[in-house]
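See below for the structure under consideration.
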Amino acid sequence: MISASNPNSMMSSSSTTGTNNAAGSGGQQAPGLKTYFKTPEGRYKLKYEKTHPAGLLHYAHGKSVTQVTLAHLKDKPVHALSSSSSSVGVGSGVRSAAAKFLGGGNGSRALSFVGGNGGSKSSSGITKVGSLGTSYTNNYTPNSNFDGKGTYLIFNVGDAIFISDLNSQDKDPIKSIHFSTSNPISHAFDPDAKDGHDLLIGLNCGDVYSVSLRQQLQDGGKKLVGGQHYNKDGCVNNSRCTSIAWVPNGDGTFVVAHADGNMYVYEKSKDGSGDPSFPIIKDQSQFSVSHARYSKNPIARWHICQGSINSIAFSSDGAYIATVGRDGYLRVFDFKTEQLICGGKSYYGALLCCTWSMDGKYILTGGEDDLVQVWSMEERKIVAWGEGHSSWVSGVAFDSYWSAPNTDGTAENVVYRFGSVGQDTQVLLWDLEMDELVVPMRRAHGGSPTMSTGSQSAHWDTACPLGTLRPAPSMRDVPKLSPLVVHRVHTEPLSGLIFTHESVLTVCREGHIKIWARPSSSNEGQSTTSDSLSTTSLKEKPLFSGKVGSMSYRQ
């Protein structure tokens, strides 16, 4: 593995710059950081950056790792135009409040607020939600001209949620939401929400809120508005909310994972304050599912493992859910039947992140062994290791928008592009072409490992039996992938990355986000909404085919 002692060892000695105007208001770059990285298809260039106003951060409840959710607000539903509970004027009221929040004083600071057409807001009452000091406004003056359409970055830092306009090069957020007694940890957005509540926020104390993103943008205050409160004061589970996700095509169903190894299923339409009265878990080491006795939230409890569930991810059709945890295991469940399908252990330590390919055929995991694992759902086992990080892998994602160059004139070979980020401050890009993987051979008797003689490793003999958790295979039994690109992008450890149609977003754990323009859009101006497709709305994206070379670029 690469030495962790010097993260700059991967850097090229040429074309390093300190300041880059193309980065917009991102401004000064740290010494040694380049504003582009090279791939076979061209250069990815730093376009601009997003961050938070440093003076407004509060760490009374400790620091938390920044996560980013990409949210694409569509046209406002027709039925919402006449609803006084979800229609709020934004115009001068919220612009003035946002300008003051950003230090604009008299509210004259220019804000790129997508879809804003002016208006006014009035409120007649504030009601506390739970004990978190979070308030919401009961009555509003409707303004049907404003629909809030656009694409936003939602990210957590300290005790606040920040919202930035992705299509604006303004570095500062346009909205902040503060929590008085607990830090927000995780969040998720549902672009197909029917009742307006499309944003979930999970807190360090275990409480969960569902709110309307549009409604938050329309309000000028710094508290949640119109929120539905679940697990109030930790009445169901008071351990940290580690990960949260909407069920695709689930009609308002969502899942919340906790640090004690439990995962709860909620339905947005049901009461959020009931006592589910789940039975005591007799064996913490065994997977079990219990359903609520009454028709209230949460409707089910899944006990996954001993120790924390670190991340959860649904397949794009919502049929399967993957979990990774402190015990180092990936587990894949059939969500409808509540059955374990497959899973297995990391080479070493905890697994921290996971994601699905859009076709549901592969799962990526990353964790404390510094490796990226590629799992096959068809074979129910690891089919490749990715080695290239020099510290823990904290984020993985498939690039659903990338098309492989078709070098042989055929479309027979499917190539997957994916990325990973780690605490080594680096982003790595990888190409996976299953037809090109070389399967290691068994060690010849009395000899050394060889790739040319003997038979295939026993790891490849059969698919893993249904419902079985596999131990970690020997590393010599699994093909090793080498990264296509290795590039140091931040000075702080990274926590996530997101691919969009025209860019790649990298996120550091301290709340700084960089937007890297793809080669096809590097020389273009400000992104349009084509850059703004939500990562949750890619279901129709076709598979990509072609071949790629083995050239590797190290920045």
Practice item. Return yes when Gly227 is buried (at least 22 other Cβ atoms within 10 Å of the Cβ), touching a residue at least 60 places away in the same chain (Cβ under 8 Å) and among the small types (Gly, Ala, Ser) and no when it is not. Key: yes
Exercise for review: Would you check if there is a residue in segment 299-310 being among the β-branched types (Val, Ile, Thr) and open to solvent by 20 Å² or more (accessible area, probe 1.4 Å)?
Suggested key: yes
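Would you tally the residues in segment 172-187 being among the β-branched types (Val, Ile, Thr) and either without any contact (Cβ under 8 Å) to a residue 40 or more places away in the chain or touching a helix residue (DSSP H, G or I) at 6+ places or on another chain (Cβ under 7 Å) (or both)?
Qualifying residue count for the region: 2.
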Point to revise | Criterion: open to solvent by 40 Å² or more (accessible area, probe 1.4 Å), outside any strand (DSSP E or B) and closer than 21 Å to Arg470 by Cβ - qualifying residue of Ser269, Ser285, Ser295 | key: Ser285
Exercise for review: Please enumerate the residues belonging to segment 365-381 that are closer than 18 Å to Val414 by Cα and not in a loop (DSSP other than H, G, I, E, B).
Suggested key: Val374, Trp375, Ser376
Exercise for review: Kindly provide the set of residues from segment 333-364 that are more than 22 Å from Ser420 (Cβ to Cβ), among the β-branched types (Val, Ile, Thr) and not in a loop (DSSP other than H, G, I, E, B), ordered by number.
Suggested key: Ile341
Review point. Before we move on, is Ile161 farther than 20 Å from Met263 by Cα, crowded, with 22+ Cβ neighbours inside 10 Å and modelled with pLDDT of 95 or more?
Key: yes
**Study point:** Output for segment 202-216, where each listed residue is open to solvent by less than 20 Å² (accessible area, probe 1.4 Å), touching a Leu at 6+ places or on another chain (Cβ under 8 Å), touching a residue at least 40 places away in the same chain (Cβ under 8 Å) and not small (Gly, Ala, Ser)
**Key:** Leu203, Asp207, Val208, Tyr209, Leu213, Gln216
Check your understanding: Out of all the residues in segment 189-200, is one or more buried (at least 22 other Cβ atoms within 10 Å of the Cβ) and not in a loop (DSSP other than H, G, I, E, B)?
Key -> yes
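Yes/no per residue for (1) under 17 Å from Leu497 (Cβ atoms); (2) among the acidic types (Asp, Glu); (3) open to solvent by 10 Å² or more (accessible area, probe 1.4 Å); (4) modelled with pLDDT of 95 or more:
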residue: Leu364; (1), (2), (3), (4): yes, no, no, yes
residue: Asp370; (1), (2), (3), (4): yes, yes, yes, yes
residue: Thr407; (1), (2), (3), (4): no, no, yes, no
residue: Trp430; (1), (2), (3), (4): yes, no, no, yes
Exercise for review: Could you list all residues from segment 170-188 that are under 19 Å from the mean Cα position of the chain (by Cα) and in a strand (DSSP E or B)?
Suggested key: Pro184, Ile185, Ser186, His187, Ala188
Exercise for review: Identify the residue in segment 476-502 that is touching a helix residue (DSSP H, G or I) at 6+ places or on another chain (Cβ under 8 Å) and of a type in the set (Asp, Glu) and, among all such residues, is surrounded by the fewest Cβ atoms within 10 Å (Cβ to Cβ).
Suggested key: Asp477
Check your understanding: Within the bounds of segment 236-259, is there any residue that is modelled with pLDDT under 95, out of contact with any His (no Cβ under 6 Å at 6 or more places or on another chain), of a type in the set (Ser, Thr, Tyr) and crowded, with 24+ Cβ neighbours inside 10 Å?
Key -> no
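When you look at Val415, is it out of contact with any Cys (no Cβ under 7 Å at 6 or more places or on another chain), surrounded by fewer than 21 Cβ atoms within 10 Å (Cβ to Cβ) and modelled with pLDDT under 95, yes or no?
Judged against the criteria, Val415 is not a match.
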Review point. Somewhere in segment 455-468, is a residue part of a loop (DSSP other than H, G, I, E, B) and at pLDDT 90 or above?
Key: no
**Study point:** Subset of segment 320-362 that is more than 15 Å from Ala397 (Cα to Cα) and of a type in the set (Phe, Trp, Tyr) - its residue that is surrounded by the fewest Cβ atoms within 10 Å (Cβ to Cβ)
**Key:** Tyr348
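The values are calculated or read from the model by the stated rules, or taken from the named source; none is laboratory data. What you see is a predicted model; the values in this text were computed from it and never measured. Here Cβ is always computed from backbone atoms with ideal geometry, including for glycine, and neighbour counts include all displayed protein chains. In case anyone asks, the SASA skips ligands and DNA or RNA and just uses the protein heavy atoms, side chains included. Shrake-Rupley method; radii C 1.70, N 1.55, O 1.52, S 1.80 Å.
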